[in-house]
Structures are given as structure tokens and as C-alpha cells.
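The structure appears below as C-alpha cells.
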């Protein structure tokens, strides 16, 4: 089941497109036009509204839905005749468009609130395969792949501290790459505090962060020599069909824009350069920048972002993941067209 905040932001966005003057009236009517929304969902929304929960989300979602309803790029004042909420359903295969609502079988809408994360991926999917395919070898330990010596040094320091704390160091392997899932959980629970167990471990992690950042950026750039433009399309989540993002940015401002297709991007822009470099700031981090110029000429603009490479479930608790962030404000990104 989707959490309550998600239900508020997504369902209310859809309700606002139906022509009701006020949100409370729409909640009272409980229109059946929104498919996959049940009486249980309406009960939760009404209760949250009466208790004063998620007031900002209610207001922003309602305003976003109304803007789309009257926008020239949206419904143009015409009430929809078919509105679907995806809800907690997730298809078994990879889905290119992160849509939460579908209107009249045509308009796809993603509701994005308070997050600058473009996507989560495995490091090898991003740095080696350029987001082109999810097929490949099973998830590997990226730290052991790109920085085996520094990673082993960190693990050895943690294993020694584990023994000094009264645990049996023989209960975990000598090599970090040999950790099994149960052993990873054991170490994750031990290393849960934010402070590393020894100065030696803290220093080893600092060097690991630097090396993983630099090596990841180097591998990424080497593979980008082939076709960086296609990788940028995937990074920005351009899809074969256009879709809309309605939500709220991390700074509190509204997000209302149409996401270009690769065709749209090629018609309007040119990728001049794509660069990436390591910049460890407390953890492995890779910064990236795309230089974009209008197709008809003019000054170039940049799209900036960064990638955090970190354990998926706490220190040594799971395989590392790559969290891809967009640092440039959404409305300044070429290919994200603001909704009029």
C-alpha cells in the first residue's frame, strides 16, 4: 500500500483535474471517475484533511492539478473522461516513464515531491552500462571492483575493532568481498552508529571515498566516449513519449513541466560536452555536468548533478548503490519545459 503522503500528492492531483471548485467538495463527492481509488483511499484522505495533516501537500497537489487542467499543454479546460491512478502497483519489468497518473490514455503524469533524485541505480548500471540496459552480471560489490586495496583496508580495520569490542572476528571472513548476506547484516548492526569504530577505520574510509570517487568517474568518462548524448537522455529520464511532472521542488516551489523526448531534445538543443569528476565529501561522490547549446546557436547552459555511491542498507549492509541527483533547478534544465 502507498503511504498516506503519496496518496495525498497523487490522488489529489488527479481530483483537481475533474472541474470541482474546491478540494473539500471533491473529497465529499468521492468521484468514481478516478480508477483504482477506493472508498478506503477516500476515507484516509478525508481523515488526514480533517486532522490537518499534510496541509501543504493537499494545497500544492490541488493547485498543480488545476494548472494542468487549464494549461494549453494539458487538458485546456476540458474535463477528462478517463483518469487512472497507478497506486502501489509496480510492473515486473523496467519502466522508462515514472508515471503515477494516466489521463485519457494519453497524458502521463509523475508526481514528484521534495526530491532532487533522478533515480537509484547500481553503480555498474550507471558507470559501466550508461543506464542503457539492466541486463548484465549480478549485482557486484562496487567498492571491491574499483578500489579493492582501500576497501580491504577499511574492512580489516572494522574487523579488528569488531574483535576488540568482544565479538568473535572469526564469525566474519577476512576478505570483504567474501561477506555473505547474514554476515553483512551482523556488521551493519555493529556499525550502525554514525562514528566509525576506530580512528584507523575512519581514516581508511576517507581514503576509500576518495579512491572510489575518482575511479568511478574515470570508468564513466572512458565509456562516455561512445555516445554521451544517449546517456544524458537516460539520465534525465527522457522517454519515447512525453510526460509531465507535477509536484514540489526541494526548496518548496512548485514543479510543473513537460519532459522532452529525445526527438524534442534534438530539435531544440545540442550536447556540447559531458564531464564527470570525483569529489568525495564524507562519502564517495561523483559530480557531473552537461554543456547544452540551443540548436540555432546562442550561449551554452549547463546541467549539473552528482552521484552518491553508498551502501544500500548501511555500512557493509548491502551492495553499493548509485543515487543520481540533479543540482540544477528543474525549470532551468533544457528539455524540461515549464507548464504555461
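Brief remarks follow.
- Exposure proxy for 18, 101, 236: other Cβ atoms within 10 Å of each Cβ, ordered fewest to most, give 18, 236, 101.
- For the listed peptides 268-274, 317-323, a ranking on the average number of other beta carbons within 10 Å per residue, highest first, reads 317-323, 268-274.
- Distance distribution note for the range 82-226: the fraction of Cα pairs above 26 angstrom is 47%.
- Helix axis angle, 4-15 relative to the chain longest principal axis, alpha carbon, degrees: 30 degrees
- Largest GNM mean-square fluctuation across 265, 244, 162, computed for the chain with C-alpha springs under 10 Å, falls on 162.
- Neighbour counting of Cβ atoms within 10 Å sorts the residues 286, 333, 281, fewest neighbours leading, into 281, 333, 286.
- Principal-axis tilt of helix 39-50 within the chain, Cα atoms, nearest 10 degrees: 90 degrees
- Cα-derived Rg to Rh of the range 4-113, Kirkwood definition: 0.94
- Choice from 156, 302, 198 showing the highest fluctuation, given a GNM over the chain with Cα pairs closer than 10 Å: 198
- Comparing mean-square fluctuations of 64, 214, 140 from a GNM of the chain with C-alpha springs under 10 Å, the top value falls on 140.
- Once Cα extents along the principal axes in Å is calculated for the structure shown, the corresponding label among (1) 67, 53, 33; (2) 58, 50, 37; (3) 81, 41, 38 turns out to be (1).
- Ordering 205, 20 from the fewest to the most neighbouring beta carbons within 10 Å gives 20, 205.
- Using alpha-carbon coordinates, inclination of helix 55-70 to the longest axis of the chain, degrees: 60 degrees
- For the range 187-272, the convex hull drawn through the C-alpha positions has a volume of 204 cubic angstrom per residue.
Every number here is computed from the coordinates shown, using simple stated rules; none is lab data. None of the values given here were measured: they were computed from a predicted structure. A quick note on method: Cβ atoms are made from the backbone with ideal geometry, for glycine too, and the neighbour counts reach across all protein chains shown.
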